[in-house]
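Participant: Let me begin by handing over the structure; questions about it come next.
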Amino acid sequence: MAIIGAVTLNIVQNVANADITVTYSLTGSAFDIASGQPYTEFCQLIGDDTGIAPPEDNTDDSIPSGVLTPLFFSTVVFPNNAPINRVRTKTIPKANLNEDVGTDEIRAVVTLTPVAASTATRESNQVTGSF
């Protein structure tokens with residue numbers, strides 16, 4: 001299974017906007033490299049409301065326009081054991097980060113999902129008769 005390195009989130013307020021930068025690395029396992037196992041990669045911002053003190057509603061909030069991976073991003077395949085370094089940037093309205101009353105807790109979440117093997121099926125021609 002591939003490994004996601006440390007994920008770092010940086011938010012810079014820019015008037016009414018927020019400039020978002022998320023950095024991380026991806027490293028494939030020996031199996032991933034040998035098999036060419038593809039993964040779907042997804043990077044998004046969340047309002048972190050689980051496991052914080054003081055507790056809030058205990059449900060993480062999605063951040064509007066908070067997806068940082070490109071919309072039609074293709075899968076990731078690891079050709080060797082060198083890490084693949086990612087820098088994801090996006091500018092969103094600062095108001096989108098206002099997910100709580102008072103202090104807002106924002107995190108970036110990176111997810112790698114193995115792409116399942118697909119099954120190929122094809123039928124032969126039909127033979128009729130009284131067998």
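Participant: Determine the calculated [θ] at 222 nm for the chain from helices alone, applying -39500 (n - 2.57) to every DSSP H run no shorter than 4 residues and normalising by the residue count; nearest 500 deg cm²/dmol.
Facilitator: Computed mean residue ellipticity for the chain: -1000 deg cm²/dmol.
Participant: Using Cα pairs under 8 angstrom and six or more residues apart, how large is the relative contact order of the chain, in percent?
Facilitator: 33 percent
Participant: For q = 0.10, 0.16, 0.19 Å⁻¹, what log10 I(q)/I(0) does the chain give under the Debye formula with an equal point scatterer on each alpha carbon and no solvent?
Facilitator: Rounded to two decimals, the profile gives -0.46, -0.89, -1.08.
Participant: Would you please put 64-70, 30-36, 117-123, 10-16 in order of how densely packed they are, using the mean number of other Cβ atoms within 10 angstrom per residue and starting with the highest?
Facilitator: 64-70, 30-36, 10-16, 117-123
Only the coordinates and a few stated rules stand behind these numbers; no lab work does. What you see is a predicted model, and the numbers here were worked out from it, not measured in a lab. Reconstructed Cβ throughout: ideal geometry from the backbone, glycine too, with neighbour counts over all protein chains shown.
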